[in-house]
Amino acid sequence: MSFNSFGRVFRFSTWGESHGPAIGAMVDGCPPGLALSEADVQPFLDKRRPGTSKFTTQRQEPDQVRILSGVFEGKTTGTPISLMIENVDQRSKDYGDVAKAYRPGHADYAYDAKYGFRDYRGGGRSSARETASRVAAGAVARLVIPEVTILGYVSAIGGDAIDPAHFDAAEIGNNPFFCPDAKAAARWEKLVDDARLAGSSLGAVVECVATGVPAGWGAPLYAKLDAELASAMMSINAVKGVEIGDGFAAAALRGEENADPMRPGDAGAPAFLANHAGGIAGGISTGQPVRVRVAFKPTSSILIPVETVTREGQASDIITKGRHDPCVGIRGVPVVEAMMALVLADHKLLHRAQCG
């Protein structure tokens, strides 16, 4: 049994490998009549595209998307939307050593243990290259939720966090780190460059906020909005932790500190005085901003020798040649945004199906 699809009503499946001829996504369940062209998808892929600075992998992929189906005369038809992105700058020869020994921290051994076979060229399906397909699908999902604004940014790299007092959303597009704190971005230039020059890598935390989500999206127990968001974010390559709202920090609070007090608001809806819950209570959105924090581990492909074993079980050391992100979390921002959009689009349609 294969698991390459996500969602219930708004559902997408990704296909392709890092060093295959192309990658892509098939989006099913998109409502008909929405205006859609490649120009609606491309800006999001450009945000994720490799080779845009020395702080990302130097693989040169234009990531030009083609819409192969599901659109007629510029409008979605309600049928499956097929999105394709060609791979044009593969260097499979860089992975000769990876064919013989496992990269610690990567999915090499786990894939081999499960399937008895693995595509060692860039990691195959376990490569972060697959996330371009998610970003393309997420661009379609945004058309379903025009009332929602999604903003993602990096809040920490290598343990060095932004200062919330210096948060400026306008700064996010002014630096290669998607960082809302200009002072932190300046520090990160040296931090990431030092790791890159040493052949190592750093982890990062990406935060994502969705505003405009109305109260009522989500479902109790087994389709909780926060559970679906956690599942979506954990499915991203290199993600090892997800927090909703205060997350683990809530465990250190008292009940009165963690509560989100309410007062009468406009149009009969309450006015919240805090948002420790991250905009979700009982698995259902409250109308407050939905807040998610996502922890990316350091890139596993590094030039520093690491102890490992060969496929035959012999002790060995390995360095991973090729072109890799010194901090994969940087380009994780548009991916996290895409998964937020995909979950919210699915839950909007689920809510409409049950509650009208």
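Descriptive notes on the structure:
- Residues (within 30 Å of Ala141 (Cα to Cα) and either open to solvent by 10 Å² or more (accessible area, probe 1.4 Å) or charged (D, E, K, R) (or both)) located in region 307-348: His324, Asp325, Val328, Arg331, Glu337, Asp346, Lys348
- In region 14-45, residue most open to solvent (accessible area, probe 1.4 Å) [restricted to those that are under 17 Å from the mean Cα position of the chain (by Cα) and more than 18 Å from Leu143 (Cα to Cα)]: Trp15
- Taking the criterion of being assigned to a strand (DSSP E or B) and either within 28 Å of Ala107 (Cβ to Cβ) or touching a residue at least 40 places away in the same chain (Cβ under 8 Å) (or both), the residues of region 224-275 that qualify are Val239, Lys240, Gly241, Val242, Glu243, Ile244.
- Qualifying residue in region 184-191 (condition: open to solvent by 10 Å² or more (accessible area, probe 1.4 Å), under 19 Å from Met340 (Cα atoms) and free of Cβ contacts under 8 Å to residues at least 40 places away in the same chain): no
- In region 288-329, of all residues being in a loop (DSSP other than H, G, I, E, B) and of a type in the set (Ser, Thr, Tyr), the one that is modelled with the lowest pLDDT corresponds to Thr320.
- Of the criteria (1) within 17 Å of Val209 (Cα to Cα); (2) in contact with a Leu (Cβ under 7 Å, 6 or more places away or on another chain); (3) not hydroxyl-bearing (Ser, Thr, Tyr), which one Leu143 fails: (1)
- Beta carbons closer than 7 Å, at least 6 apart along the sequence or on distinct chains, pair a first residue in region 206-221 that is over 15 Å from His347 (Cα atoms) with a second that is among the charged types (D, E, K, R) and open to solvent by less than 50 Å² (accessible area, probe 1.4 Å) for Cys208/Glu337.
- Taking every residue in region 108-130 that is closer than 27 Å to Gln64 by Cα and pairing it with any residue that is aromatic (Phe, Trp, Tyr), at least 6 positions away or on another chain, the pairs with Cβ-Cβ distances below 7 Å are Tyr120/Tyr95; Arg121/Tyr95; Gly122/Tyr95; Ser126/Tyr111.
- Condition check for Gly278: in contact with a Gly (Cβ under 6 Å, 6 or more places away or on another chain) and open to solvent by less than 10 Å² (accessible area, probe 1.4 Å): yes
- The set of residues in region 276-287 that are in a strand (DSSP E or B) and small (Gly, Ala, Ser) comprises Ala281, Ser285.
The values are calculated or read from the model by the stated rules, or taken from the named source; none is laboratory data. Fair warning: this is a prediction, and the values are worked out from it, not measured in the lab. Glycine also receives a Cβ, built like all others from the backbone with ideal geometry; neighbour counts cover every protein chain displayed. Accessible surface areas use protein heavy atoms only, side chains included; no ligands, DNA or RNA. Shrake-Rupley method; radii C 1.70, N 1.55, O 1.52, S 1.80 Å.
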